[in-house]
Amino acid sequence: MAYWFHRNPLKATQVLTFELRGVSTDEKTRRIFSELRQTRNKLLELLTDPNHDKVIVEKATTDYFSLLLGLIKPFEENESENKLREAIKFKWTNTLLGNTAVEQFDTVFEAASMAVNIGLWYTKHAAKLAAKEKNDNLIGKLKDNTANATDTDTRVLEAYIYQSTAEAQEVTLARAIEMKHSSSLIAALACETAQLYQKADDALQSLDAKIVTKWRKYFQLKSDFYTAYAHNYNGDALLAGDKCGEAVRGLQEGVKLYSEAEKKCTEYASAKGPGTTARPGNHLFFRKFGPVIKRTLEKCDRENGMIRLSVTFRYHQKLPFDPPQLELKATYGLASPEEFQEPSLNPLWSKEVYQKMDAKMAPKPEPKDDKKKPGELPPVQEKETPMSEKDPSTFSGCVIS
């Protein structure tokens, strides 16, 4: 089965030892930093392989974030922020900006960056299961979040959320097709899915085209494809309601959009940009739909030229100039992002332990130098999930479980 989903690469980061001599003053404080190092390394290793069970990744996420919260949340009633928040320098790349690293003395930056990687792991894991996106409220707390096209740029985050929601909804749509639900419901789900991909594309519109062209082409081809899909099933529903003229016009628009999606598949494949290259044009679901929508149009054309035996007037209806508006709303089956549940603070942390930490001994951030070139980090060596080139046995390419 050809790759159907586009995936951006994981963010790279440097190895952290959490060696803070002078900050940790006894065995209890040293143990916290030791556990931070071990849980971070374990989580980063798990995220390179989308084949892991999500229960294992969720536990590793909770283990690390429950410790990291001790460097973010204030412990004292009179402090505005945790005294250790800026004690460690973190370095991360951005998924759209190559190997150039960004470094900050800010634990919130670490939490936000790791959260993005966890969200990316879910989308990669979802390529064979179902798409979900973890999202949290850390972004608004970042002190330095002004650069364009970083992973904490709200436009990039919006695109990820819309993409994940749309891909989760694709699974719902495939189930509706396989279970032979009504044409009106399938049309509505397809329409909503197309709108989500359009919103993802819109979110990236103001970013540098050199950076996001490939990603946007993916969103555009999916939006065109699912709008064509909506016109196909909406045409069936209109025909059943004796609205042949509107059905034919909508299907003509659907055939046109399917051709546009085919063209964008080629443009996407040749576009430069980060991430894996999907091959939606080779996928059975995409290939099968072209003949289907053309047959549906031919059927509506025939129906529109018929003389009904039960009446004496011609059934032929004049085609509208504009295609029917797809103002369709699915009554059920819509996907929605899951809220990120913040883990509880690790029991290794306490107010007493926190008070023993000496923040004055932490390394101080260097003065910002705009002339200094940021360093680079090697890309993450991600483990691939091989996809069979054999076509699935179902029309949609999905298996109902």
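Extending 7 Å from Cα along the Cβ direction at Glu45 and again at Arg302 yields two label points whose distance is 6.3 nm.
A Förster radius of 51 Å combined with the Cβ-Cβ distance from Lys383 to Gln325 puts the calculated FRET efficiency at roughly 0.65.
Placing R0 at 22 angstrom, the Cβ-Cβ distance between Arg287 and Asp202 gives a FRET efficiency of 0.20 after rounding to 0.05.
Rounded to the nearest Hz, the phi-derived 3J(HN,Hα) couplings of region 258-264 under the Karplus curve 6.51 cos²θ - 1.76 cosθ + 1.60 (θ = phi - 60°) are 5, 5, 5, 5, 4, 5, 5, where x marks glycine and proline. I'd like the carbon and sulfur percentage of the solvent accessible area for region 37-78, probe radius 1.4 Å, heavy atoms only, ligands and nucleic acids excluded. Carbon and sulfur atoms account for 51 percent of the accessible area of region 37-78.
The figure for Ile88 is an accessible area of roughly 10 square angstrom, using a 1.4 Å probe on the protein chains alone.
Among Phe5, Phe321, the order of accessible area from largest down is Phe321, Phe5, computed with a 1.4 Å probe on protein heavy atoms.
Ordered from longest to shortest, the equivalent ellipsoid semi-axes for region 1-137 are 30, 16, 14 Å, each the square root of 5 times a Cα gyration tensor eigenvalue.
Here is the list for region 1-80: GluC sites (Glu not before Pro) lying in DSSP coil, each with at most 12 other C-beta atoms within 10 angstrom of its C-beta, are Glu19, Glu76, Glu77, Glu79.
The values are calculated or read from the model by the stated rules, or taken from the named source; none is laboratory data. Because the structure is predicted, anything quoted here is derived from the model rather than measured. All Cβ positions, even for glycine, are placed from backbone atoms using ideal geometry, and neighbour counts span all protein chains on display. All accessible areas refer to the heavy atoms of the entire protein, side chains included, with ligands and DNA or RNA removed. Shrake-Rupley method; radii C 1.70, N 1.55, O 1.52, S 1.80 Å.
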